[in-house]
Amino acid sequence: MGKAKLSFFGLGYVGTVYSAGFASKGFKVTGFDTDKDKLKMLDKGAPPIHEPGLEELMRECKAKGTLRITDNPDDAVSNSDITFITVGTPSKEDGSIDLKHVVEASNTIGGALKGKGAWHLIVVKSTVTPGTTEKIVRRTVEKASGKKTPEDYGLAVNPEFLREGSAIEDFMKPDRIIIGANDEKSRKMLEEIYSEFDCPKILTNPKTAELIKYVNNAFLAMKVSFINMIANLCQEIPGCDVDVVARGIGLDRRIGEQFLRAGAGWGGSCLPKDLKALKNFSRKIGVNLPLIEATLKINDKQPLTMIKLTKKKIGNLKNRRVAVLGLSFKPDTDDMREAVSIKIVNKLIDEGAEVTVYDPAAMKNAKKIFQEKVIYAPSTIECLKDAECALIVTEWSEFKELTPEDFIEHMKNPVVIDGRRIFNPETYASKLEFEAIGLRAE
Ligand code: NAD
């Protein structure tokens, strides 16, 4: 039997990377999305998102003829054996998971399955709370298709762990693959398409697979909030530096060095919404998760530490020009969903500051958020010009290359607040006014 044919419903970060990734491995892939503008871009071979290596990968697949984009969901389902649901699962106002896209996609796939004779596998890759696949997805697909699982179609969960900014590498070399399925045929089919991925595979039921994704993100967020809490402690002890503390504990193999970088807080498209969804889901079933609640609370306040340090250095912010370097929630992405820069910039504006911003990739997205409220600089240096204080909010590599002299030469008043610990504190503090998260000079 040849390789299974795949389709993806939802061509955002996960769907685009996976479509191109599998297509590059010789699978015939069809991608579908409800966003017509995205489809037009993708059809031309242009990824709708900034992700290193993605454009080249898409070009390669186009040349091979393995990746096809369609605006017709029936075409995507009828020309594939497996459909992955990769739509977004945002938060509702109360923090609970909003399943509207998952339901809509399940309904469309179910409708398309109605006219299909062959058995078909549906895989939920979107992050969903435990029980969603077996209850909501199943009910919706069965209502729309008139079919029953596992006789007529299969249902499985295959959560995703890729990191924006290194998504292709994460697709090619995952740490592990989680396959949640109740029936043998679905499980085998997924095992088969992942057979050339050399990593541990955890075979479990759909609910456990769904839960693993949330617990994974909760643990990562907790680790960062933990070190941010310690950073705030270090800031009050003269001579203490959280970076040294983090290294001191990170070398303990039971702890590990990753996700121990103190900073202005965590954001992004996943951690905030997933922690809120887990908290909300658990409450509904009568379980409190105090560590998760503390993790969220610490993170809520952390961006404001940047304002505190700014005021410590330059005092009242009214009519003072402040440069914000970095807006995306992390480097190498243009994604600004729940980026801490939003809280920081808005607070600076509230305090009356004149804010200039620059990000190597996220300016287009930033304009949608801040509109006319800030000055958009075309480069790092332009952003610094005439500023009285510069805040490092995202650790883009081009900011790491800056020297104290760059700040001294271009700013009205060279004051730097390092919110991502990218600069050597000794070098900087000896040449200009410098503060950093988790650091208190003697
Ligand atoms: P995204 O918002 O970038 O993309 C979702 C896409 O789905 C959009 O293009 C949207 O137009 C499309 N869509 C919405 N409704 C649709 C429908 N009915 N049919 C077809 N397409 C539809 O989302 P994303 O960041 O790729 O995340 C997708 C899922 O994967 C989420 O559940 C997320 O939590 C999870 N996830 C994301 C990441 C990440 O780094 N972005 C990592 C792991 C897991």
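Here, each number is a calculation from the coordinates, and none is a lab measurement. Treat the numbers as computed from the prediction; the structure is a model and nothing was measured. Neighbour counts run over all protein chains shown; Cβ positions are idealised from the backbone, glycine included.
If you wrap segment 14-156's Cα atoms in a convex hull and average its projection over all directions, what's the area in nm²?
The directionally averaged projection comes out at 9.0 nm².
Starting from 0.36 nm per residue, how many nanometres of slack lie between Asn346 and Glu398 once their C-alpha separation is accounted for? Write out the running numbers ahead of the final one.
Values: separation 52, 0.36 × 52 = 18.72 nm, distance 2.42 nm.
Taking 0.36 nm per residue and subtracting the Cα distance, the gain is 16.3 nm.
Around Glu433, which amide H atoms from residues at least 5 apart in sequence, or from another chain, sit under 5 Å from its own amide H, with H modelled in the peptide plane?
Val416
Residue by residue through segment 172-183, what is 3J(HN,Hα) from phi via Karplus (6.51 cos²θ - 1.76 cosθ + 1.60, θ = phi - 60°)? Round to whole Hz and write x for glycine and proline.
So the J values, rounded to whole Hz, are 5, 10, x, 5, 6, 10, 9, 10, x, 8, 8, 10.
Would you list Cys240, Cys383 from fewest to most Cβ contacts within 10 Å?
On the way: Cys240 18, Cys383 23.
In increasing order of surrounding Cβ atoms, one gets Cys240, Cys383.
Quick one: what are the phi-derived ³J(HN,Hα) couplings along segment 392-407, Karplus 6.51/-1.76/1.60 with θ = phi - 60°, whole Hz, x for glycine and proline?
Along segment 392-407, the couplings run 8, 10, 10, 8, 4, 5, 5, 6, 5, 7, 5, 10, x, 5, 4, 5 Hz.
May I ask you to sort Met189, Met306 by Cβ crowding, counting other Cβ atoms within 10 Å and putting the fewest first? Don't skip to the answer; put the middle values down first.
Details: Met189 21, Met306 27.
By the 10 Å Cβ count, ascending: Met189, Met306.
Please state the relative contact order of segment 359-442 as a whole percent: Cα pairs under 8 Å, 6+ residues apart? Show your work: numbers first, answer last.
Values: 94 pairs, mean separation 21.2, N = 84.
Value for segment 359-442: 25 percent.
Build a GNM of the chain with springs between Cα atoms under 10 Å: which of Ile69, Ile375, Ile417 gets the top mean-square fluctuation?
Its mean-square fluctuation being the largest, the pick is Ile375.
Which order, highest average first, do 310-321, 355-366, 203-214, 260-271 follow once you tally other Cβ atoms within 10 Å for each residue and take the mean per peptide? All intermediate terms of the calculation are to be shown ahead of the outcome.
Values: 310-321: 15.2, 355-366: 21.7, 203-214: 20.0, 260-271: 24.8.
Per-residue Cβ counts within 10 Å, averaged per peptide and sorted highest first, yield 260-271, 355-366, 203-214, 310-321.
Return the lysines within reach of Lys147: Cα separation strictly under 16 angstrom, same-chain partners fewer than 8 residues apart disregarded; answer none if there are no such residues.
Lys114, Lys116, Lys135
Contact order normalised by length for the chain, with contacts defined as Cα pairs under 8 Å and 6 or more residues apart; what percent is it?
Values: 898 pairs, mean separation 53.5, N = 442.
The normalised contact order for the chain reaches 12 percent.
Just grab the label-to-label distance for Lys367 and Asn107, each label 7 Å out from Cα along the Cβ direction, in nm (one decimal).
Result: 3.5 nm between the two label points.
What lysines could a cross-link reach from Lys44, if we take a straight Cα to Cα line under 19 Å and drop same-chain neighbours fewer than 8 places away?
In chain and number order, the partners are Lys28, Lys36, Lys62, Lys64.
Test of understanding: what is the full-extension gain from Lys148 to Lys313, defined as 0.36 nm times their sequence separation minus their Cα-Cα distance? If you can, show how the numbers build up before the last one.
Details: separation 165, 0.36 × 165 = 59.40 nm, distance 6.53 nm.
Separation in residues times 0.36 nm, less the Cα-Cα distance, equals 52.9 nm.
Contour minus end-to-end for Leu251 and Glu442, with contour as 0.36 nm per residue of separation and end-to-end as the Cα-Cα distance? Present the calculation step by step, with values, prior to reporting the outcome.
On the way: separation 191, 0.36 × 191 = 68.76 nm, distance 2.54 nm.
Length difference between fully extended and current span is 66.2 nm.
Starting with the fewest neighbours, write out Thr86, Thr34 ranked by other beta-carbon atoms found within 10 Å of each beta-carbon.
Least to most surrounded, the residues fall as Thr34, Thr86.
Suppose a student asked you for the relative contact order of segment 221-273, using Cα pairs under 8 Å spaced at least 6 residues apart; what percent would you report?
Working: 45 pairs, mean separation 22.4, N = 53.
Worked out over segment 221-273, it gives 42 percent.
For segment 73-158, which trypsin sites (Lys or Arg not before Pro) are both in a DSSP coil and crowded by at most 12 other Cβ atoms within 10 Å?
For trypsin sites (Lys or Arg not before Pro) across segment 73-158 that sit outside H, G, I, E and B with at most 12 neighbouring Cβ atoms in 10 Å, the list reads Lys148.
So if I take the alpha carbon set of segment 239-436, get Rg, then get Rh from the Kirkwood formula, what is the Rg over Rh ratio?
Values: Rg = 17.5 Å, Rh = 17.7 Å.
With Rg and the Kirkwood Rh in hand, the quotient comes to 0.99.
Anything in the chain that counts as a DSSP H helix reaching 30 Å or more along its axis (C-alpha) with Kyte-Doolittle mean of at least 0.5? List them, would you? Can you show the working numbers first?
On the way: long enough: 206-234 (43 Å, 0.65); 290-314 (37 Å, -0.23).
The qualifying helices are 206-234.
Return the long-range amide H neighbours of Val124 (sequence gap of 5 or more, or a different chain), with a cut-off of under 5 Å between placed amide H atoms.
Ile85, Ala156, Val157, Asn158
Report, ordered by chain and residue number, the lysines lying within cross-link reach of Lys201, taken as a straight Cα distance under 22 Å and ignoring same-chain residues fewer than 8 apart.
Lys3, Lys5, Lys25, Lys125, Lys173, Lys185, Lys188, Lys213
Nearest 0.05, what FRET efficiency do Ala4 and Arg139 give at R0 = 22 Å with Cβ-Cβ as r?
Details: r = 25 Å, r/R0 = 1.16.
The value I calculate is 0.30.
In whole angstrom, note down how far apart the Cα centers of segment 21-55 and segment 297-343 are.
Each part's Cα centre sits 33 Å from the other's.
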